[in-house]
1. Any idea how many residues of the stretch B:18-33 are under 21 Å from B:Arg143 (Cα atoms) and crowded, with 19+ Cβ neighbours inside 10 Å?
2. State whether the residues of the stretch A:12-25 include one that is out of contact with any Pro (no Cβ under 7 Å at 6 or more places or on another chain) and within 22 Å of B:His94 (Cα to Cα).
3. Can you report the number of residues in the stretch A:9-45 which are out of contact with any strand residue (DSSP E or B) (no Cβ under 8 Å at 6 or more places or on another chain) and of a type in the set (Lys, Arg)?
4. May I ask you to list the residues in the stretch A:61-86 that are buried (at least 20 other Cβ atoms within 10 Å of the Cβ), within 11 Å of another protein chain (Cβ to nearest Cβ) and not aromatic (Phe, Trp, Tyr)?
5. Could you list, in sequence order, all residues of the stretch B:87-123 that are more than 27 Å from A:Ala85 (Cα to Cα), crowded, with 19+ Cβ neighbours inside 10 Å and either facing chain A (nearest Cβ under 7 Å) or of a type in the set (Asp, Glu) (or both)?
6. Mind checking which residues of the stretch A:1-33 are in a strand (DSSP E or B) and over 14 Å from A:Val122 (Cα atoms)?
7. If B:Glu48 passes every condition in (1) more than 20 Å from B:Gly126 (Cβ to Cβ); (2) surrounded by 14 or more Cβ atoms within 10 Å (Cβ to Cβ); (3) charged (D, E, K, R); (4) away from every other protein chain (no Cβ under 14 Å) but one, which one does it miss?
8. Can you find, within the stretch B:156-174, the residue that is surrounded by the most Cβ atoms within 10 Å (Cβ to Cβ) among those that are without any contact (Cβ under 8 Å) to a residue 60 or more places away in the chain and aliphatic (A, V, I, L, M)?
There are 2 protein chains.
Amino acid sequence: MIEVEVKARAPEDMAERIVSLGGELMAVENHHDLYFNSPLRDFKRSDEALRIRIKEGGARLTYKGPKLDPLTKSRLELTVKIDDALQMEEILGHLGFVLSARVRKQRTKYSYQGVVLALDEVEGLGSFLEVEAQAEEDIDLQRQKVLLVLEQLGLCQSIRSSYLELLEEKRLGHAGPARGEQI
Amino acid sequence: MIEVEVKARAPEDMAERIVSLGGELMAVENHHDLYFNSPLRDFKRSDEALRIRIKEGGARLTYKGPKLDPLTKSRLELTVKIDDALQMEEILGHLGFVLSARVRKQRTKYSYQGVVLALDEVEGLGSFLEVEAQAEEDIDLQRQKVLLVLEQLGLCQSIRSSYLELLEEKRLGHAGPARGEQI
C-alpha cells in the first residue's frame, strides 16, 4: 500500500479551519513511536523507516520505504498489528536493529472528502498537519487530492522531513522548517 | 522467556503412550512455518532462527536465540502475535531477511504434569515428539523435568536439530538423525 501524504506546520487555528471546511472529527490518539535504525544501511540516508507505534488501540510495526516524489511524502508503507510492543522491541534488538529515537505526540484525526487530516501536537516540535490518503494504483490522483486539500486549508509550505528528522535537526540546532517545498 | 525443550523421533504408538501415561489432549493445529535468514550473519552458523508461523489461531513472529546447553534445545524465545503474515513477510524482505525454508506440520498437543507434549507429523520428515516447558529462572529444574518425561515415554535418543536443519540434511542426502544425544 502506498501512503500518499503531505505535511505542513499548523497555525493555531488549524482545528477551526478543518471544521469550517467540513472535516469530521474521527479520533484523538496518543502515539508513542519508537524508531529503529538498520545494521545494514543507515535509514537516514536510504530514506527508510522502521517504527513500533504504541497507541490506545494497540501496537503496530511499520516499515516505510523511500519517498517516491519530490513534492509529497508518498511512500510504500507496510504495517502489522502486534500484541506485544516490548517483545517486538526485543526481537528487533536481537536482529541487530538499534533504537534511534522516540517520538511522542497527540494526534487528532479528521475525515474530509476521502482523506484523513491528522493534526499532530508533537512533543518538542509543535503543531503539524498531515493530509493522508492511501493508494493502490491511482497514486497521481491521490497526490493531487492531498495537495488540493492542503491548499484549501490555507497551507502552502509543505514539509517533507519526518518528525524524526525534525527532532534531529532541532537537536543539532538547525533553524526553520527543513526541506520545505512551495506548493 | 526461555523455552526448555527436548525432541525425539516418535514411534508409531506415540499417541497411545502419551494417553496411557496420563497426557491430556489440548489441541490439534496445522502449522505453516516460514523461516528467514539474516543478511548480517548466517543463522545456521549462529544457531538462531526467525520464523513466521501461520496456524488456525492466527500468525506469530518468533525469534529463537542460540541453544543454551548440549543436551536439550533450550533457548531464548521471543514471540509476538501478528495480524497479517503476508505484510510481515514483506516487511522482513525490505529489511534484508531472506525466506530460507517452509515447514508444514500437524501438531497434536497434550498437557502432562506442567509440560506440553507436541506430537508433530512433519511433511517430508515423519513423526517427532517435542517435550516443552517455559522457564524464567528455574531453567535447570525445567530441563530435568522435560528429560524425565522423555524417559517416561520410553524415548532415549534426543535430537537437537531443528526441523529446518533436518529438512536441509535430508535434501543434502545425509542419513539418520543428526546431532542425536543419548540421554
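1. Total satisfying the criteria: 2.
2. Among the residues of the stretch A:12-25, not one is out of contact with any Pro (no Cβ under 7 Å at 6 or more places or on another chain) and within 22 Å of B:His94 (Cα to Cα), which makes the answer no.
3. 3
4. A:Leu61, A:Lys64, A:Leu78, A:Val80, A:Ile82
5. Matches in the stretch B:87-123: B:Asp120 only.
6. Passing the criteria: A:Ile2, A:Glu3, A:Val4, A:Glu5, A:Val6, A:Glu24, A:Leu25, A:Met26, A:Ala27.
7. (4)
8. B:Leu166
Only the coordinates and a few stated rules stand behind these numbers; no lab work does. Treat the numbers as computed from the prediction; the structure is a model and nothing was measured. In this analysis, Cβ positions are derived from the backbone assuming ideal geometry, glycine residues included, and neighbour counts consider all displayed protein chains.
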